[in-house]
Amino acid sequence: MIETTTPTTTITTTTERCVHGHHPTNGYGCCDADSEWDESLFDHQSGNCFLTTIKTTTTTTTTTATITQTSGNTGTTPSLICNAADLFNKGAGEKSWHCRDTAWVRNCKHQCDQGGSFFKSGATAQCFFKGAKAKNGWVFKKENLLDTCLACNTDPLESFAIGGGGTWTCTGWNKATIKCLVTCNARKLTSGNIFCSRKKAGVWQTRAEKEWTCDDPVTLPPTPPCSPDDVKAQMKKKTGYADYKVENFAFTDTKCLLSANMKCATGSNGKAMMAKKISFCCKLNKRGKSQWNFRGNPADMFDEQEDVPCRAAPKE
């Protein structure tokens, strides 16, 4: 729902003396905004070129509009037929219409005014001052794009909150896709981004589902090398055996920082036994990192078809 008040229209007319009022080939005329010779812009009585600007502003909570018109018509009839202020009611969001006149027709382009930049939606409007088409009034092309300015107009923090008082810094307001990065007060931009495509979903999205925060990261103490807590994960990674239990292994005193052999059944003499070829060893490599080595597969100890050789285990 669009809430508006009655627009206030201010028409300002300025004149500029033609530097070259008479063209040797084209006769009297003026150079328009594109430096093209346009006889319709020239007033023969005064010898002036006319530039008319119509600006419409309203007090509204949801919508604003600015209409800029370059006119070559000094009469009032074309404005009544093709009043650019009528375009204000078309489309929603922060928008503006930019119009240009020739002797016969007024052409206007629709754009979105967001983020201090302008984005051309692709929608246009055309109105003929005279001729057979004059009775048609405003004719729109790509009218479905008039609501483009409603897309991406919500605060990205409503969709993706940032802890620690962070904000989103967005760029690309003059493009179809707007991109934003996290900004923290105490440091530069952090990793991760969100985006919004005006002509597609029209809402804020991200390809990296995560929780962004500007709070100082929690620094955990480094894990000591060859930690007993890492045995299970390393054994699964190296051998595929995931049922590691510390009580099933006899730890040995070797040159390794941590080493053990898998326990066997107690020998006939009641002594503890361990497998000769099912073991692991962890030591430091040249870079001071843990280097894990495994022999055999602990699963063989529970396979009746496997004959696992054992030897006496060290005393605990």
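For this structure, a couple of remarks:
- Pick from region 123-142, criterion in contact (Cβ under 8 Å) with a residue 24 or more places away in the chain and small (Gly, Ala, Ser), ranking: farthest from HIS110 (Cα to Cα): GLY131
- SER71 being at pLDDT 50 or above and either touching a Leu at 6+ places or on another chain (Cβ under 8 Å) or in the same structural domain as GLY202 (by TED's automatic domain parsing) (or both): no
- Failed item, numbered, when LYS188 is tested on (1) within 30 Å of ALA103 (Cα to Cα); (2) modelled with pLDDT under 80: (1)
- Members of region 201-218 found to be closer than 15 Å to GLY164 by Cα and among the aromatic types (Phe, Trp, Tyr), listed by number: TRP212
- Leading residue by the ranking (surrounded by the most Cβ atoms within 10 Å (Cβ to Cβ)) among those in region 203-236 that are within 14 Å of the chain's Cα centre (by Cα) and at pLDDT below 80: ALA208
- Qualifying residue in region 142-156 (condition: part of a strand (DSSP E or B) and not assigned by TED's automatic domain parsing to the domain that holds TRP292): no
- For region 117-134, the criterion of being assigned to a helix (DSSP H, G or I) and in contact with a strand residue (DSSP E or B) (Cβ under 9 Å, 6 or more places away or on another chain) is met by at least one residue.
- Within this structure, ASP253 passes the test of being assigned to a loop (DSSP other than H, G, I, E, B) and surrounded by fewer than 10 Cβ atoms within 10 Å (Cβ to Cβ).
- Residues (charged (D, E, K, R), surrounded by fewer than 23 Cβ atoms within 10 Å (Cβ to Cβ), in contact (Cβ under 8 Å) with a residue 24 or more places away in the chain and assigned to a strand (DSSP E or B)) located in region 88-114: GLU94, ARG100, ASP113
- Of the residues making up region 119-139, not a single one is in contact with a Ser or Thr (Cβ under 8 Å, 6 or more places away or on another chain), more than 18 Å from ASN193 (Cα to Cα) and modelled with pLDDT under 80.
The values are calculated or read from the model by the stated rules, or taken from the named source; none is laboratory data. Computed from a predicted structure; not experimentally measured. When we count neighbours, we look across all protein chains shown, and the Cβ atoms used for this are built from the backbone with ideal geometry, even at glycine.
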